[in-house]
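Peer 1: Submitted below is the structure of interest, expressed as structure tokens.
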Amino acid sequence: MKKITLSLWMVLFTIVTIQAQNQPATLFGKNSEIKISGFGGPSISMSMLDGAGTLNMGGGGGVLLGNFFIGGYGSSTVTPNVKRMVNNENLRLKLVQGGIWTGYSFNPSRAIHITTSLKAGLGVLRLYRGNSNFAFTSYYDDDHSVRSEWVGTLLPELGIELNMTHFFRIALTGGYQVGFYDNAIKTDAGNKINLNGVVGAVTFKFGWFR
């Protein structure tokens, strides 16, 4: 009886072992082929605002699902160098935006590899009078603010990513931003404020890369 019982347990153990080896890959199981991790960090970018170059500061982060990631980002103009005449006033332009950030990296285990992403944002185009400090002024509560307009943006990017350490990467990307809004703000010359233009960015990513 003991030999029969032992034999049955051996057969059962063998069957379970074979079944475990043949189980399909899942997102959250031990056999998962998708590795989940995450990252976050600051970014610096140069972009075009109504045909003029501006400096922007921001950041973002996301959840890494294998080579793909999804998360969010934010960015704000920090140089008050773009001025336009609107309603007989020489006003400074500022764009603040944030939204969804998705992307994909090719062969991310290599020290240098290609990365691509898409940023879809919602933001505010604001016009200021005087010498407003864009880096430290709240765009929701500012006495120098003259007018604001809700805008939408799309920014596809392509570039290279450098694996500096196991927890730190630097992405150098370029892209073209497309901006749109319903009620067009126009200058005294009759031109609409143009949010379209090329963008170059450096993003510092700190996180858990698997």
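Peer 1: Across all directions of projection, what mean area in square nanometres is found for the Cα convex hull of region 44-134? Kindly include the intermediate steps, with their values, before the conclusion.
Peer 2: On the way: hull surface 27.6 nm².
That works out to 6.9 nm², a quarter of the Cα hull's surface.
Peer 1: To the nearest 0.05, what FRET efficiency results for F168 and N81 with a Förster distance of 22 Å applied to their C-beta separation?
Peer 2: Rounded to the nearest 0.05, the efficiency is 0.10.
Peer 1: Within the set of other residues whose C-beta is less than 14 Å from the C-beta of T54, count the net charge using Lys and Arg as +1 and Asp and Glu as -1.
Peer 2: +4
Peer 1: Also: Near N183, within a Cβ-to-Cβ distance under 15 Å, what is the net charge of the other residues, with Lys and Arg +1 and Asp and Glu -1?
Peer 2: Its environment carries a net charge of +2.
Values quoted throughout were computed directly from the atomic coordinates according to the rules given, and no laboratory measurement underlies them. This is a predicted model, so every value here is computed, not measured. We place every Cβ from the backbone using ideal geometry, glycine too, and count neighbours over all the protein chains shown.
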